[in-house]
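A quick write-up on the structure given underneath.
The values are calculated or read from the model by the stated rules, or taken from the named source; none is laboratory data. All values derive from a computational prediction rather than experimental measurement. Methodologically, a virtual Cβ is constructed for each residue, glycine included, from the backbone with ideal geometry; neighbour enumeration extends over all protein chains shown. In case anyone asks, the SASA skips ligands and DNA or RNA and just uses the protein heavy atoms, side chains included. Shrake-Rupley method; radii C 1.70, N 1.55, O 1.52, S 1.80 Å.
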Amino acid sequence: MITVGDLKLTAAEVEKIVASMPSQNRQYFASPGGRAQFAEFLVKTKLFVREAEKRHLEDREDVKRSMTLFRESLLSREVEKELVNEIKVTDDEARQFLDANSKLFEQAKVRRIVVRSALTSQFYADGKPPDQLPTDEQAKAKAEDIRKKIAEGADFEEMAAKFSDDPMTSGKGGDLGFVRRVNQDPRVLLTPSMLDTMFTLKVGETSQVIQTPFGFEVFRLEELKSPKLEEARQDVDNAIRQQKYERLYQEMKGRSGVKIDEAYFGSGAAGGQVRPAQKN
């Protein structure tokens, strides 16, 4: 329980507050350290709200505008969730979509070799200062030399184990496992240019050296597969829902007689893509 003056919050009430938060916040506040921090957040919020009420800040015009904007933003997010959850995707729609867009859902089994440079030190947790790392020119030259040796017959896995600076994959021969062209696992940090390089390779082919945020890299494509519908169903359904949601939004705009002053807001103001709310 939390007590702030005459206000009391029970454990059940705190759990309800946490349950209303986005999933990433719920996960954090469920941890032991997170719970303590959340208690401090609640106490501070309650104390400061009382102080704000004493000062009648809710009567200020700028605060009124902010509160109105927050209310509308919250309601907008909540109705987006409901609209998305109401969209149905049939088996036939999913099959047809996957058949027409099979390349979008391809999965590639890839190995990588990373050679760090001074400019990439911020992406690693070992704390090495830039002056202890090679320059871009030196790192690129080393990566090119590694690729040359592989082209001449050196084993990619052995070269990755020996020379790669990637702590996540060097111990397993550079193996990244299967990566997806779309809806990539956010825990695997791959940029669009890295994915483009991987998916333009032929099976067994090694890429040219490319510069990425993590250094100078070489990739090797081990396997390429197109998942069956049951394997990709969630991603397929999400893609279809995105399309249906966008059509629904455009229909709502059409029915509502929306007009936007392009001279003030710019010519792209009325035509931008709107992403549906994600399910927590």
Being over 30 Å from residue 247 (Cβ atoms), under 24 Å from the mean Cα position of the chain (by Cα) and exposed (fewer than 11 other Cβ atoms within 10 Å of the Cβ) is true for just one of 12, 19, 108. Which residue is that? 19
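Does residue 43 fit the bill of being of a type in the set (Val, Ile, Thr) and in a loop (DSSP other than H, G, I, E, B)? Lay out the reasoning, then the answer.
Numbers: of a type in the set (Val, Ile, Thr): yes; in a loop (DSSP other than H, G, I, E, B): no.
Criteria not met by residue 43.
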Positions within the stretch 64-114 being within 30 Å of residue 158 (Cβ to Cβ) and among the hydrophobic types (A, V, I, L, M, F, W, C), in sequence order: 108, 110, 113, 114
Breaking point among (1) modelled with pLDDT under 85; (2) more than 26 Å from residue 89 (Cβ to Cβ); (3) open to solvent by 100 Å² or more (accessible area, probe 1.4 Å), for residue 279: (2)
Among the residues of the stretch 93-102, is there at least one that is within 30 Å of residue 251 (Cβ to Cβ), without any contact (Cβ under 8 Å) to a residue 12 or more places away in the chain and among the aliphatic types (A, V, I, L, M)? yes
Quick one: count up the residues across the stretch 193-231 that are open to solvent by 70 Å² or more (accessible area, probe 1.4 Å) and within 17 Å of residue 166 (Cα to Cα). 1
Would you call residue 246 open to solvent by 80 Å² or more (accessible area, probe 1.4 Å) and at pLDDT 90 or above? no
When residues of the stretch 22-57 are limited to those that are surrounded by 14 or more Cβ atoms within 10 Å (Cβ to Cβ) and touching a strand residue (DSSP E or B) at 6+ places or on another chain (Cβ under 9 Å), the one farthest from residue 67 (Cα to Cα): 39
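Give 63, 84, 79 a once-over and let me know the one that is part of a helix (DSSP H, G or I), out of contact with any strand residue (DSSP E or B) (no Cβ under 8 Å at 6 or more places or on another chain), free of Cβ contacts under 8 Å to residues at least 40 places away in the same chain and surrounded by 13 or more Cβ atoms within 10 Å (Cβ to Cβ). Outline the logic, then answer.
On the way: 84 fails: free of Cβ contacts under 8 Å to residues at least 40 places away in the same chain; 79 fails: surrounded by 13 or more Cβ atoms within 10 Å (Cβ to Cβ).
Matching residue, one of 63, 84, 79: 63.
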Cβ pairs under 9 Å, 6+ apart, first in the stretch 176-200 and on the phi > 0 side of the Ramachandran plot, second part of a loop (DSSP other than H, G, I, E, B) and at pLDDT below 85: 177/188
What do you reckon, is residue 241 open to solvent by 50 Å² or more (accessible area, probe 1.4 Å), basic (Lys, Arg) and touching a helix residue (DSSP H, G or I) at 6+ places or on another chain (Cβ under 7 Å)? yes
